[in-house]
Amino acid sequence: MELNDLATLIKSRRSIRRWQDKEVSAALLTKAIELATWAPNGGNAQNWRFYVIVNPGTVKFFADEVQRSADEMAAWPESSQFGSEASRWRERASFFRTAPAAIAVAASHYYSTADKLLSAREKNDPHAGQMHLWRTTANTRIQSVASAIAYLLLVLHQMGLGAVWMTGPLQAAGELGKTLRIPSDMDLVAFIPVGYPAESPGLRARRPVEEVCEIVS
């Protein structure tokens, strides 16, 4: 693949929130996941697990659980301080119920040798505690699984599928995890509705690279 082709693929990907009423094969999604697992990850622990959901009924069930949690949160007195913003969020919480398929992503914890050493040392050394805090600010397991999800979204786009990376459903992780039978040593970290796009969102401009990049000499 030429660099220009890769640039086109990256720049043409969109977050898709409306899908055609068309089945998506588990084999296609499994192939996309297989490619995604070549993403860089901490210590090559590959501490991710992907759950492929191709039953629209299960997707709707998950949407109901997420909506239930959103309704509960919206009923809290604290929601009033966010006004219409809270109302719009509640209305959009379960938009993904129309997706024909989805991929749930779970991850186990990852502790490097440095993490273990700092954890043992910080009890009696404040500087070690600060160093540990700096490391946990950039959580290794989340960075690892995030890199795989980024790969996954590009592969799905290349396959002609549309997806959206969601963390909102995590507010209902208890029920979702129970249904998916996620092991106790893993946590649900992302939910990705997927299907053949029924929309073509326009380009949302990116800030010029000069504003987000600094050359350090």
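Computed from the coordinates by the stated procedures, all read-outs in this text should not be read as laboratory data. What you see is a predicted model, and the numbers here were worked out from it, not measured in a lab. Glycine also receives a Cβ, built like all others from the backbone with ideal geometry; neighbour counts cover every protein chain displayed.
Measuring r between the beta carbons of Arg206 and Asp64 and using R0 = 41 Å, the FRET efficiency lands at 0.70.
When peptides 175-186, 120-131 are ranked by their average number of other Cβ atoms within 10 Å per residue, the highest-first order is 175-186, 120-131.
Label-to-label distance for Leu9 and Leu117 is 3.8 nm, based on points extended 7 Å past Cα in the beta-carbon direction.
The translational diffusion coefficient of region 5-109, from Stokes-Einstein at 10 °C and 1.306 mPa s with a Kirkwood hydrodynamic radius over alpha carbon pairs, comes to 95 µm²/s. As a proxy for reagent exposure, ranking Trp48, Trp165 by other Cβ atoms within 10 Å from fewest up yields Trp165, Trp48. R0 = 45 Å: FRET efficiency of Asn55 with His127, Cβ-based, nearest 0.05? E between Asn55 and His127, to the nearest 0.05, is 0.30. Assuming a strict under-26 Å limit between Cα atoms, what lysine pair count do you get for the chain once near-sequence pairs (fewer than 8 apart, same chain) are dropped? Taking the chain as the scope, the lysine pair count is 7.
Among residues other than Ala74 with Cβ under 13 Å from its Cβ, the summed charge is -1 (Lys and Arg +1, Asp and Glu -1). Can you bin region 96-142 into rounded, prolate or oblate? Criterion: square roots of the alpha carbon gyration tensor eigenvalues sorted a ≥ b ≥ c, rounded for a/c under 1.5, prolate for a/b above b/c, oblate for the rest. Because a/c hits 1.5 or more and a/b exceeds b/c, region 96-142 counts as prolate.
Decide, for region 119-217, between rounded, prolate and oblate: order the square roots of the alpha carbon gyration tensor eigenvalues as a ≥ b ≥ c, take rounded if a/c falls under 1.5, and otherwise choose prolate if a/b is larger than b/c, else oblate. Oblate, since a/c reaches 1.5 and b/c is not below a/b. Of the DSSP H helices in the chain, those with a Cα length along their own long axis of 18 Å or more and a mean Kyte-Doolittle hydropathy reaching -0.5 comprise 56-74, 140-158. Report note on the peptides 23-33, 205-215: ranked by the mean count of other C-beta atoms within 10 Å, highest first, their order is 23-33, 205-215.
Between the C-alpha center of region 1-62 and that of region 89-105 there is a gap of 15 Å.
Here the translational diffusion coefficient of region 12-212 follows from Stokes-Einstein with Rh set to the Kirkwood radius across Cα pairs; for 4 °C and 1.567 mPa s it amounts to 69 µm²/s. Full extension of the chain between Ala74 and Thr167 yields a length gain of 31.7 nm, computed as 0.36 nm times the residue separation minus the alpha carbon distance.
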